[in-house]
Structures are given as C-alpha cells and as structure tokens.
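The structure appears below as structure tokens.
The values are calculated or read from the model by the stated rules, or taken from the named source; none is laboratory data. These numbers come from a predicted model, not from an experiment. Virtual Cβ from ideal backbone geometry, glycine too; neighbours counted across all protein chains shown.
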Amino acid sequence: MLIVALAHMSVKNIRLNRDLQGKNATLRDITSFVSHQLRAPVTAMRWSMESLLDGDAGDMSDGVRKEIEELYKVVIQNAALINDILNISRLDRGVIEVKLIPTHLLEVAERAIRDYRVPAEKAGLKLSIENPDATITVTADGEKLAEAVSNAISNAIKHTAQGGITVKLRRDEKFGYIDVTDTGEGMSPEILAHLFDRAGIKGSNTDSSQSTGLGLFIARQFTRLMGGDVTVTSEVGRGSTFVYSVPLVV
C-alpha cells in the first residue's frame, strides 16, 4: 500500500511540475509580447525628444528645455527597463541570438553613450571616450555589446555625484576592451561578490526604482555569448571600473 501511495504521489508531482512549467512558459510569452508592444512607442517618444533637444523644431525657452530633458531621462530609463524584460525572457527561452561580425569598438562606444549624454550633462558630469583614434576591430554583435556597455554608463551616472565617466578603448594580443570608469561612490566587497547574480543586489550601484536589477546579469550573458566577459573592480569612495572584453578579429 505504501508503494502504491508513493507511486501516486510521484505521478501527481510530475503532473504539477508539468503544469507549472506550462504556466511559466505562457507567462514568459505574455511578458515578451507586452514588452515588445511597449518598445515601439517608447522608441518613437525618444526620437521625438531627441529631435526637439537638437533644435529641429526651433528655439525653446530654458524652462521648456528643462522639462523635455526630464521627460527624456524617464523615457531612456523605461526603454532600458523594457529591454531588460525582453532580454531576460529571451534568455529564459533560449532564443537570444548574437550576430558575430567585424565590429569597430569606437562605434560601439559611441552608440553606448548616445542616450546618456543629456543625463550626464544634466548631472554635471563629464562623459567622454578615451583613445577614440584607436582602430580596434572585434568579432561581436555591436548592438548587444553597446547595450551591455550602456548599463555600466547608466549606473555610473546614478551613483556619481561629481567628476565624470570615461569610456576607454584598448586592446591586447587577443581581445579588445571597453573600460567604463567612474568617480562615484564605489562598491563594497560584499556587493561585488554577487554583482552579476541574476537576483541582483539591492542597495548596490545597480539599485534603482526604474531598474530590474538584471542589467549586469544580462550584460555578462551577452558578452559571454560573444566569447568575452565583463569584470569589475571597485573601492568604496573611489569609484568603479567595468571591463568589457570581446575577441579581436582574427
């Protein structure tokens, strides 16, 4: 009788597990669909605001510009949030694709900082590329690498009170590197130990009301799919440096 009862329990557990897997898959599909639908209008808003800030619609008062800059900052934050949700859904389903082609690191760096020039300027921070004349060509997915690098830039702006953020390009015999260095508050060893965990770390340089906390986890997954990695060094009160590495073109 005991054996029969255990067998029934085992079958029941298998069925429950199967049902849960099915529900989780459905939830991931719904999340991906909704996030995808939100992406287009947010992108359209971003382009419109960039056009206004560039003066395409004519001059505007300082007060109006300030309001648009604030709205632009929120749009960029929400765009990053939507991308995080889409990316984690795709990673969970195993449908993330990387297009590995010859890619210039300078183009990646310029794309990564594009959306953050206005927020950095508004925060009184200098955002610059170091060694922009270096010709460094890597094998990578430029769009995904730029998205990964932009995560460190976004976090640096949130957690740097003064000074700036430098995006440095360099290489060695095998890899090209993008170093994102800030003069911010830095992180403790306890936070660094779990910084790239999927669960995220509350109270760290990645914590924000407009963040999933998954940005660095996703960034590491992206770079590893390209044959590279993301590492970090940091000290409380002395800032942080995130190093993104990807293979050079052979």
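Tabulated data for the structure shown
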| item | result |
| --- | --- |
| Among the residues listed as GLU190, GLU185, the single one being surrounded by fewer than 19 Cβ atoms within 10 Å (Cβ to Cβ), at pLDDT below 95, outside any loop (DSSP other than H, G, I, E, B) and not basic (Lys, Arg) | GLU190 |
| Counted residues, the range 118-146 - those being at pLDDT 90 or above, among the basic types (Lys, Arg) and over 16 Å from the mean Cα position of the chain (by Cα) | 1 |
| Residue identified as surrounded by fewer than 19 Cβ atoms within 10 Å (Cβ to Cβ) and closer than 19 Å to LEU100 by Cβ among LYS122, LYS126, LYS144, LYS174 | LYS174 |
| Within the range 96-155, strands (runs of 3 or more DSSP E) holding 2 or more residues that are in contact with a His (Cβ under 9 Å, 6 or more places away or on another chain) and over 20 Å from LEU81 (Cβ atoms) | 137-140 |
| Verdict on VAL149 being within 14 Å of VAL232 (Cβ to Cβ) and buried (at least 18 other Cβ atoms within 10 Å of the Cβ) | yes |
